[in-house]
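Just so it is clear, none of the values below were taken in a lab; they were calculated from the coordinates. Just so it is clear, the structure is predicted and the values come from calculations on it, not from any experiment. Cβ sites come from the backbone with ideal geometry, for glycine too, and all protein chains shown count toward neighbours.
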Amino acid sequence: MRHTLLNIFYLGVKELRSLRRDTMMLVLIVFAFSGQVYLTATGVPESLHKAPIAIVDEDRSPLSERIVNAFFLPHFLAPDVIEPYASDAGMDAGRYTFVLDIPPNFQRNVLAGRKPTIQLNVDATRMSQAFIGNSYIQTIVNGEASAFVQGHRAVASLPVELETRVLFNPNLSSVWFGSVMEVLNSITMLSIVLTGAALIREREHGTIEHLLVMPLTPFEIMLAKVWSMALVVVIVAMASMVFIVQGLLDVPIQGSMSLFIAGMLLHLFATTSMGIFLGTVARSMPQMGLLMLIILLPLQMLSGGLTPRESMPALAQNLMLAAPTTHFVALAQAILYRGAGLGVVWPQFLALLGIGSVFFALALARFRSTISSMA
Amino acid sequence: MSSDDTPVIRIQAVSLRYGNTLALADLSLDIPSGQRVGLIGPDGVGKSSLMALITGARVMQQGRIEVLGGDITDVSHRHAVCPRIAYMPQGLGKNLYNTLSVFENVDFFGRLFGQPEAERQQRIAELLASTGLEPFRDRPAGKLSGGMKQKLGLCCALIHDPDLLVLDEPTTGVDPLSRAQFWDLIDHLRERRAGMSVLVSTAYMDEAERFDWLVAMDDGKILATGTPSELRERSQTETLEAAFISLLPEEKRRDHKALVIPPRSSTGTAEIAIEAENLTMRFGDFTAVDKVSLRIERGEIFGFLGSNGCGKSTTMKMLTGLLPPTAGTAKLFGQIVDAGNLATRQRVGYMSQAFSLYAELTVRQNLELHAKLFHLPEAGIAVRVTEVAERFQLSAVMDALPDALPLGIRQRLSLAVAVIHQPDLLILDEPTSGVDPIARDRFWELLAELARRDQVTIFISTHFMNEAERCDRISLMHAGKVLASDVPAALVKQSGEATLEAAFIAYLKKASGADSVIPAGTPESSHTDVNQPTADSPQSSTHANDKLPSMALDSCGTSVSRTPTGGEAVQIGNPADLSGIPCRNDEHTSNSTVLGLPPHTPRFSLLRLFSYTRREALELRRDPLRGLIALFGTLLLMFTFGYGISMDVENLHFAVLDRDQTSLSNNYALDLGGSRYFIAQPPINDYEELDRRMRSGELSLALEIPPNFARDLERGNPVKIGAWIDGAMPTRAENVLGYVQAMHQGWLLENARQRATSRIPGGLMSIETRFRYNPDVKSLPAIVPAVIPMLLMLIPAMLSALSVVREKELGSILNLYVTPVSKLEFLVGKQLPYIAIGMVNFFLMSALAVFVFGVPHKGNYLFLTLAAVLYVTNATGIGLLISTLTRSQIAAIFATFLVTFIPSIRFSGMLDPVASLEGGARLIGESFPATHFLTICRGTFSKALGFAELQSSLLPLALAIPVIVGLSVLLLKKQEQ
């Protein structure tokens, strides 16, 4: 038992030393947890941010002017006032997501209560802005119109006010969201790449053969890779959370960091096992690269860190329940943004433990059965 | 042989440093042309470095080397003479491609040197026949034994007729018979190409004896030069080996003494350490090891000899438990070898043929790691490491990385690792290959001590006959079978030959019968007049050779070998063969000679470019799984994202804290739940529950309807409905906000209309929204054309990202350094197959989009295809650029993820338009090819656009190609740094 633990320790130290030699890799790791997090957090806006809009003003009245001036940053770029013929070309080239067409005699018709129609063209291939932008524009135009009309005649209204309170991220800052989600993405990516590729590397360089003639078990070899690579990831991830997310980007963290680390460890248990499993499946590094790509893409994109989980098709939602990222993203959001405690996130912890154990067992079984053919 | 007066190589004051170590110290030397020159010296004295500098494979730091009449650092001269130099680097098949077959490897080099098909075929046939590789022409190089790889490496180096042949320890690990064949081949080549200079480094002194001129080196300096007899005379010694030792400085030879192995004392009742019975190993139909039975006693030194690829290493691997035998049993210390038996492993030390220690750990770290893993007592580790380091003379290199060390010293390190835990049994697979004579003697001293004093059993394979003679017993193996096992002297006696080497060769010949593997023939084919320069083109030589049966070489190949003690030549061969087939005569040889007129090497050659394309494509074909993953992976991901990513935010969970509980308040909640955006959850009872359920993420929205809501409304008192929105995910929150506000308005209007009769119902105007390009606002038509650019960036980039760095990591990048292929040819040649795969992916995805997802393609498909070609060229180019920048495959994979993943998903307009991005992300988005291809893809798919509207997006894609390729060419090095 003591020997086993020592072996796991020594082999893990070996992994760390190997990693330290690869300067390029270290630079990339640091970038993934700093530059990349910063870029994504600050670069990708709230869903309706600087939406490009153009207005065809055929009315040229005070009201239409009022509407033109009602669109401003951060939600909209200052609108281009264009001629009717330029509308299609602008949308075709993707210059505008929205083109609002104010018809002639608009103000007159509004005041006369003739209920004129404004046409709003939306580039519906830009789904992320299309819906939300549509409702914003409707609200803005309606608001401007009723404010304008207010002075001229009475408008019906009910005395019910909807008081909205946004919890956990009152300004809906995308930096808060983007930064943390990017750290999570990097955690998953790095842990899978490190363990999986390290195994293939041992195989391609023949070093695995050497381990196999020594009094070591596959279990020890595997666990050594798991702990050492997980350690690397935990350290850089925490540094990123403290210095980049909380420090540079000034994102407040609601919940307990140690609870988050515990969740991360469980997640890493699952992802590093997955990495090793992939390493036993792939026979060469080029295969490994592709395999990881194909596994990582859905893990990242359907985890709920990019688009809301509940909006995905039921099949995708259910399949993704088997992915560790789904639970990791859920628990990270709960702990870091909503300040949830173990009482809330225990189902995710349990799920990760289960998924991790399954992958570890799978990887170990495959590692055992394929290891002799690796030499 | 004519030897020019001008030296072929002129070395002037050359120094070379690796970090702090001086590998070459102000070395000057003229190497005469037209001769076989041997470079001898202990391991790590700078022989390999010197050779790498001479061939231009390594960057010159200080000094000047003139090769074939020009400065090798001069790029144009180097380019001009490159085809006239052949270089075979050290290491077992380092510059070979493991997945390619024997034939394909040689063929690749032939193509690189621009040889036409017929000439190439003829040359390959000749080379394979004379090296005995012909029967293995279709076997992947990676499946060859070490010695066979070495032979293949030589074939690759010799595919073109060089004027200067540089061979770095070419016969390391090659069996005696093959070594003889090898030197015959060189002799033959020299005949054919008169005036060819050969520079060889070797650890075999009997080989050095055959050279015309020797250079003895030590410590980066020249000790002596001269013919073998001159060296012997100068040092007044009998053999070259002794001469060499006496040339060394005092402190190096001080410890050296003639090695005497004491005879084994106890025999008979000894314990059996290794017992193998009918051990058999089959790989498919190929039987590598055929019913081998062995019994080795404890304390015995048992030698294992045999031709290359005869199954020695496989047998050893079965004994260590690395390979489970197909049939038969192997027992160590009476216990059946079992992969799970750790106790036995603790007692065994194993050294594999190829270096298999950690290149990323220093010598010391490697030693310590193994000491720890074998659980030597903590306190004793440092002592033991020092002890072993001293024993194997590693003390000076303790903090060096193994890759920086010469082969001989790496071998010593492997040995040191194998014995560090003082095992009871050592299984050593060619442990002394490439190790210099002095170090070999030291090593044998140690073996003797272990065997005799500590009763360690030693099972060792070797190609050195003087080592075989030191064994207590030896086995001769051939083609998977043990031919004979006995005391060395007895074997010699039985065979009736004079020496063990002769006996060994006799056994092999007998076993293989009239096997064509062994070339027959006697020497005497010295045609001194073949060196008439002729200006015949290679084509005419091809024709000439075509007329000649390719077995010409076989029939007149020379087989001379010398005994380890040097001196007497043993001629082997079958005179009968000689009488039958005429030797190659002057006519043929002179026809095939193009001396003095090296073929013009163009700066850019499509032939060379395509040879890399072919090689890359072959490698892909050998690895069909990779192609399959690329294609099926694309399909899988397309399905996943086509159906999985939903851009419309819907099915949001909400619950109500209804503190009014009237029909009106109920109606408000119902209104919300009735929409497709919201799904009602069980109502909330109190604030605490609200907090808990919001925190868990169960609810995206919680509504609080205040007490007396209906009554206050009736009375016209202002009422506030509270809406708590989970802001953790801003996109979702914004959508919730938008929806809930719109619905609130709707509810108000509806109610106002119902109750207010006098007042004009709200609504000043109507806004008619036209969702264009995707009128149903479905995710699929929006997402599918956006997934294509993403996948078409990620997969081709990942495919190509490993192609260069892999060669760097596995060593075959050397071929770029020493062949005439230019950087551009190398890169573009490699890129082409990946572009092809990328295009297949593109067609697959667009077909899937149209026929399976039913997303119509409305625009100009031809235009889209054109854009896709440019785009895939960009993507594969980015992969190659990453590949040239990185040094390890892991880093390349990770870098590819970083460079392509986020930018193509987040910054290229797939989710958010690039115009809405900020800062660095915006900059990346604007310049990333995926952005422009996405515009084109959406344009042609959804907006029915063509060239006229989208050319502004095509231009950046076209412009990016020269930029990316140019950067890669700039960053790629044509020499080792």
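May I have the pair-distance distribution P(r) for segment A:53-150, computed from all Cα-Cα distances with 10 Å bins from 0 and rounded to whole percent?
For segment A:53-150, the pair-distance distribution reads 16, 51, 29, 4.
Taking the Cα centre of segment B:349-505 as the origin, how large is its charge dipole in debye, to the nearest 20, when only Lys and Arg (+1) and Asp and Glu (-1) carry charge on their Cβ atoms? The partial results should precede the final answer.
Values: 14 positive and 21 negative charges, 31 e Å.
My answer is approximately 160 debye.
Compute the convex hull volume of the Cα atoms of segment B:241-396, divide it by the residue count, and report the result per residue in Å³ as a whole number. Don't skip to the answer; put the middle values down first.
Working: hull volume 30.0 nm³, N = 156.
Taking only Cα atoms, segment B:241-396 has a hull volume of 192 Å³ per residue.
When the helices in chain B are scored as -39500 (n - 2.57) per DSSP H run of 4 or longer and the sum is shared across all residues, what 222 nm value do you end up with, to the nearest 500 deg cm²/dmol?
That comes out to -14500 deg cm²/dmol.
Taking square-rooted eigenvalues a ≥ b ≥ c of the alpha carbon gyration tensor, is segment B:903-977 rounded, prolate or oblate, where a/c under 1.5 means rounded and, failing that, a/b exceeding b/c means prolate?
Verdict is oblate for segment B:903-977.
Of the beta bridges DSSP finds with both residues in the protein assembly as shown, what % are antiparallel, to the nearest 5? Write out the running numbers ahead of the final one.
On the way: 51 of 118 bridges.
Roughly 45 percent of the beta bridges in the protein assembly as shown run antiparallel, per DSSP.
Please rank A:W176, A:W346, fewest neighbouring Cβ atoms within 10 Å first, as an exposure proxy.
Values: A:W176 25, A:W346 12.
So the ranking, lowest neighbour count to highest, is A:W346, A:W176.
Take every Cα-Cα distance within segment B:652-755, group them into 5 Å bins from 0 onward, and report for each bin the whole-number percent of pairs it holds.
2, 12, 24, 25, 20, 11, 5, 1
Which FRET efficiency value, to the nearest 0.05, do you get for B:K858 and B:S927 by plugging their Cβ-Cβ distance into 1/(1 + (r/R0)^6) with R0 = 35 Å?
Values: r = 28 Å, r/R0 = 0.81.
Using R0 = 35 Å, I get an efficiency of 0.80.
Report, in order of residue number, the helices in chain A meeting two criteria: a C-alpha extent of 15 Å or more along the helix axis, and a mean Kyte-Doolittle hydropathy of at least -0.5; treat each whole DSSP H run as one helix.
A:2-21, A:23-33, A:127-150, A:174-204, A:218-239, A:257-281, A:285-301, A:342-374
If you count the DSSP beta bridges with both ends in chain B, what percent of them are antiparallel, to the nearest 5? It would help to have the intermediate numbers written out before the result.
Values: 47 of 91 bridges.
The antiparallel proportion sits near 50 percent.
What length, rounded to one decimal in nm, is gained on full extension from B:L749 through to B:V487, with 0.36 nm per residue of separation minus their alpha-carbon distance?
Contour length minus the Cα-Cα distance gives 83.5 nm.
Quickly rank B:303-312, B:419-428 as a protection proxy: mean count of other C-beta atoms within 10 Å, highest first. Intermediate values should be presented prior to the final figure.
Working: B:303-312: 27.0, B:419-428: 21.3.
Result, highest mean Cβ count within 10 Å first: B:303-312, B:419-428.
Please name which of B:N815, B:Q365, B:F678 has its Cα lying farthest along the dipole of the protein assembly as shown towards the positive end, using unit charges on Cβ (Lys, Arg +1; Asp, Glu -1) and the Cα centre as origin.
B:F678
Which angle from 0 to 90°, rounded to the nearest 10, does the C-alpha axis of helix B:606-622 make with the longest principal axis of chain B?
80 degrees
What fraction of the DSSP beta bridges in segment A:53-150 is antiparallel, stated in percent and rounded to the nearest 5? All intermediate terms of the calculation are to be shown ahead of the outcome.
Numbers: 4 of 11 bridges.
Roughly 35 percent of the beta bridges in segment A:53-150 run antiparallel, per DSSP.
Please compute the length gained on full extension between B:E650 and B:R715, using 0.36 nm multiplied by the number of residues separating them and subtracting their Cα-Cα distance.
Numbers: separation 65, 0.36 × 65 = 23.40 nm, distance 3.56 nm.
That pair, B:E650 and B:R715, stretches by 19.8 nm at full extension.
Kindly provide the helix-only [θ] at 222 nm of chain A, computed as the sum of -39,500 (n - 2.57) over DSSP H runs of four or more divided by all residues, to the nearest 500 deg cm²/dmol? List each step's numbers first, then the result.
Values: 15 runs with 234 residues, N = 375.
Estimated from H runs of four or more residues: -20500 deg cm²/dmol.
Could you give the length gained on full extension between B:D26 and B:E250, defined as 0.36 nm per residue of separation minus the Cα-Cα distance, in nm? Mind showing how you got there, number by number?
Details: separation 224, 0.36 × 224 = 80.64 nm, distance 2.16 nm.
Once the chain is fully extended between B:D26 and B:E250, it gains 78.5 nm.
Going by amide H atoms built from the backbone, whose H comes under 5 Å of the H on B:I40, apart from near neighbours?
Result for B:I40 returns B:V215, B:A216, B:M217.
I'd like the distance between the alpha-carbon centres of segment A:170-204 and segment B:17-39, rounded to an integer number of Å.
Their Cα centres are 49 Å away from one another.
Mind computing the radius of gyration and Dmax over the alpha-carbon atoms of segment A:228-291? Å is fine for both.
In Å, with Rg to one decimal and Dmax whole: 15.4, 44.
Beyond 23 Å between alpha-carbons counts as too far, so tell me which of B:K221/B:K808; A:K225/B:K94; A:K14/B:K331; B:K151/B:K509 fall in that bin.
Checking Cα-Cα distances, B:K221/B:K808; A:K225/B:K94; A:K14/B:K331 exceed 23 Å.
For an R0 of 22 angstrom, estimate the FRET efficiency from the Cβ-Cβ distance between B:T287 and B:S512 and round to the nearest 0.05.
Here the calculated transfer efficiency is 0.90.
Just want to confirm a number: the relative contact order over chain B, from Cα pairs under 8 angstrom separated by 6+ residues, in percent.
Details: 1752 pairs, mean separation 109.3, N = 977.
Relative CO of chain B lands at 11 percent.
Which ordering of B:E230, B:E297 is given by a fewest-first count of other beta-carbon atoms within 10 Å? Please list the in-between numbers first.
Working: B:E230 14, B:E297 21.
Fewest-to-most ranking of B:E230, B:E297: B:E230, B:E297.
Separation of segment A:1-72 and segment B:604-639 by C-alpha centroid, Å?
Each part reduced to its Cα centre gives a spacing of 32 Å.
Placing +1 at every Lys and Arg Cβ and -1 at every Asp and Glu Cβ, with all other atoms neutral, what dipole size does segment B:9-253 have around its Cα centre, in debye to the nearest 20? Before the final figure, lay out the partial values.
Working: 27 positive and 33 negative charges, 127 e Å.
Dipole magnitude for segment B:9-253 comes out near 620 debye.
Whole-Hz ³J(HN,Hα) for each residue in segment B:727-741, computed from phi via Karplus 6.51 cos²θ - 1.76 cosθ + 1.60 with θ = phi - 60°, x for glycine and proline: what do you get?
Ordered by residue, 3J(HN,Hα) equals x, 4, 10, x, 4, 5, 4, 4, 5, 4, 4, x, 5, 5, 5 Hz.
Quick one: putting +1 on the C-beta of Lys and Arg, -1 on the C-beta of Asp and Glu, what dipole do you get for segment A:1-53 around its Cα centre, in Debye to the nearest 20? Can you show the working numbers first?
Working: 6 positive and 3 negative charges, 64 e Å.
Here the size comes out at about 300 debye.
Report the label-to-label distance for B:F610 and A:S369 in nanometres (one decimal), using points 7 Å from each Cα along the Cα→Cβ vector.
4.6 nm
Return a whole-number percent for the relative contact order of segment A:53-150, with Cα pairs under 8 Å and 6 or more residues apart as the contact set. If you can, show how the numbers build up before the last one.
Details: 120 pairs, mean separation 32.7, N = 98.
Rounded, it is 33 percent for segment A:53-150.
What percentages make up the Cα-Cα pair-distance distribution of the protein assembly as shown when the bins are 10 Å wide from 0?
1, 8, 15, 18, 16, 13, 10, 7, 5, 4, 2, 1, 0, 0
Roughly what angle does helix B:146-158 make with the longest principal axis of chain B, taking Cα atoms, 0 to 90 degrees, to the nearest 10?
Roughly 90 degrees, rounded to the nearest 10.
Using 7 Å Cα-to-Cβ label points, what is the A:L6/B:M60 separation (nm, one decimal)?
Simple spin-label model gives 5.4 nm for this pair.
Using +1 at the C-beta of Lys and Arg and -1 at the C-beta of Asp and Glu, which of B:A86, B:L189, B:P176 has the Cα lying farthest in the positive direction of the dipole of segment B:9-253?
B:A86
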